[in-house]
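**Student:** Pasting in a structure now, in structure tokens, and then I'll have a few things to ask.
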Amino acid sequence: MIRKAEHRNPWYFVPTLAFTLGITLIIVNQVASMMYASLGVSTQLIGVLTILGLPIAFNVFFAPFVDSYSTKRNWILGTQAALVVCLLFLAVCLLIDFHVVAVSIVLVGLLALAAGVYAIPNGGFFVEALTKKEQGFFVGINTAFIRIAIIFTTGVLVIISGKFGEKVNNIHYGWSLFFFMCAFAVLITSVWHLFIMPYPKTPLRKEKQGYLAPFKEFFTQQGALLFVSYILVFRLGEGLLTIMSSPFFLNSAEQGGLGMTVAEVGFAKGTVGVAASIIGGVLAGVFLKGKHYRKMIIIFAICMTAPNALYIYLARFQPQEMAEINLSFIPALFGSAAQWTAMVNIKTLAAIAIETFGYGLGYTAFVFVVYRIAEASSFRATTISIAMALQNVGWTFSGFVSGFIQSAVGYEILFTLSILLSIPGIILLVLLLRKREI
């Protein structure tokens, strides 16, 4: 029997905790819109359904309750159980074809709630279970495994599900298989965590300063108005592009899209796209260590927006140059000798790679700014949580209206607006860097 240790090698649990978080976040933020697009749901409704991610965006308001009751370890295990249940119900709903859209919307909302709460003790447990020396190294490992989970979910599981749905000529069965596989993956990590996660000592609580103390400090700090404004508008343009990109890829040419299959989109966004964003993030970290990091922050913010112009090109010319790629490595992972191939649009693949590479640069710079500002706070963890919650507000709002905008003006103008809406964030970033030492 495994003993209840106060400390264990972080390699045993940090990657799997991050991996589980990555699976659930990407389902709510991207895979759900991909599923609804493949099921024929209108772009207006897909945009509106962005609000399902609000429990993740506002999870900071649950944090005081997580801190006050039970342990971080128990919260992690409890929320993981809830995640498994939500995923299984989604799988069954699609399998029996029971009011799929309506029921799945409710279940995705519950999944988002469970994922949002799960993210809170994750961070707290990381601080409690790791030494300061370990934390410095494993912050990078944590981020890397969230990205690996995204590749696994959208680049492997979505492709498998898409191929299965095509084979049985039933897209509902394909998505049902997807959620069964996700539930199984989360169940495996849950059982692993039950036995392997340590039982760290819970630090003694300081004298209570009140629930609102961290919020008061955040909104009264130096340059608070600039900082909050920057956070709110930073992802406005990205929200338009991200939410409508899956419908754009999946819609037919007559609808203004590129007519790709679910498997092709899964490979393009989930494998190539995420890999490019990881490379961008790593390179950004290297450059931000230099003495000219303030200039690099602005350059990376521009790099996050400029590649959106490639989507304008795709929407206008709808390029159809195709090439066959071999995906046999996916069934090989499961011991199968099946030969899988897919036709990919080379220009589309290049556009996705460049855009996500720029996203990796820009988002890493944003997180760097938030962490630097949090260093001056008495509530560093809460400052980071509030900032991350607020940056999702702008993203959720633009995602909410994205479907209506696309329906009214089409994809080309939508992607143009995604660039224009990003300009205020860059201007506010320049002003913020002049106002505060970062």
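**Student:** If you average the sequence gap of Cα pairs under 8 Å that are 6 or more apart and divide by the length of the range 7-198, what percent do you get for the contact order? Could the numbers behind the result be given before it?
**Tutor:** Working: 211 pairs, mean separation 77.3, N = 192.
Averaging sequence separation for qualifying contacts and normalising by length gives 40 percent for the range 7-198.
**Student:** Compute a Gaussian network model of the chain, connecting alpha carbons closer than 10 Å, and tell me which residue from T364, T153, T131 fluctuates the most.
**Tutor:** T131
**Student:** Next up: Highest first, please rank the peptides 306-312, 96-102 by the mean number of other Cβ atoms sitting within 10 Å of their residues. Don't skip to the answer; put the middle values down first.
**Tutor:** Numbers: 306-312: 19.4, 96-102: 12.6.
Taking the mean over residues of other Cβ atoms within 10 Å, the ranking is 306-312, 96-102.
**Student:** Here is a follow-up. Taking the Cα-to-Cβ direction at S407 and at R434 and moving 7 Å from each Cα, how far apart do the two end points lie in nm?
**Tutor:** For the pair S407/R434, the computed spacing is 4.2 nm.
**Student:** What FRET efficiency, computed as 1/(1 + (r/R0)^6) with R0 = 51 Å and r the Cβ-Cβ distance, is obtained for K216 and Q255, rounded to the nearest 0.05?
**Tutor:** Working: r = 49 Å, r/R0 = 0.96.
That gives a FRET efficiency of 0.55.
**Student:** With the chain treated as a Gaussian network of Cα nodes joined by springs under 10 Å, which of G124, G273, G394 yields the largest mean-square fluctuation?
**Tutor:** G124
**Student:** Something else now. I need the helices of the chain that pass two filters: whole DSSP H segments spanning 30 Å or more by Cα along the axis, and mean Kyte-Doolittle score no lower than -0.5.
**Tutor:** On the way: long enough: 72-95 (34 Å, 1.65); 100-129 (41 Å, 1.92); 171-196 (38 Å, 1.66); 346-374 (42 Å, 1.26); 380-409 (43 Å, 0.83).
Going by DSSP H runs, the hits are 72-95, 100-129, 171-196, 346-374, 380-409.
**Student:** Say a paramagnetic label sat at a point 7 Å from the Cα of F65, along Cα to Cβ; which residues of the range 79-102 have their backbone N under 16 Å from it?
**Tutor:** Once the point is set 7 Å along Cα→Cβ of F65, 79-80, 82-83 turn out to lie under 16 Å by backbone N, inside the range 79-102.
**Student:** Let me ask something else about it. Order of 43-56, 408-421 by packing, highest average Cβ count within 10 Å first? If you can, show how the numbers build up before the last one.
**Tutor:** On the way: 43-56: 21.0, 408-421: 18.4.
Listed from highest to lowest mean packing, they are 43-56, 408-421.
**Student:** Then there's this: For the chain, what does -39500 (n - 2.57) per DSSP helix run (n ≥ 4), summed and divided by total residues, give at 222 nm, in deg cm²/dmol to the nearest 500? Don't skip to the end; give the middle numbers.
**Tutor:** Details: 22 runs with 307 residues, N = 438.
So the calculated ellipticity at 222 nm is -22500 deg cm²/dmol.
**Student:** What order, most packed first, do the peptides 58-66, 19-27, 249-257 have when packing is the mean number of other Cβ atoms within 10 Å of each residue?
**Tutor:** Numbers: 58-66: 17.8, 19-27: 24.3, 249-257: 15.9.
Ranking the peptides 58-66, 19-27, 249-257 by packing returns 19-27, 58-66, 249-257.
**Student:** Which of Q222, Q318, Q80 ends up with the largest GNM mean-square fluctuation for the chain, with Cα atoms connected below 10 Å?
**Tutor:** So, out of Q222, Q318, Q80, the one fluctuating most is Q222.
**Student:** With semi-axes √(5λ) of the Cα gyration tensor in Å defined as stated, name the option among (1) 33, 28, 20; (2) 36, 34, 19; (3) 43, 27, 20 computed from the structure displayed.
**Tutor:** Among (1) 33, 28, 20; (2) 36, 34, 19; (3) 43, 27, 20, the one derived from this structure is (1).
**Student:** Residue separation times 0.36 nm, minus the C-alpha to C-alpha distance between E321 and Y293: what's the value? Walk me through the intermediate numbers first.
**Tutor:** On the way: separation 28, 0.36 × 28 = 10.08 nm, distance 3.97 nm.
Taking 0.36 nm per residue and subtracting the Cα distance, the gain is 6.1 nm.
Read-outs throughout are calculated quantities, based only on the coordinates presented, and are distinct from any laboratory measurement. Remember, it's a predicted structure, so these values are computed and weren't measured experimentally. Here the Cβ is made from the backbone with ideal geometry for all residues, glycine too, and neighbour counts use every protein chain on show.
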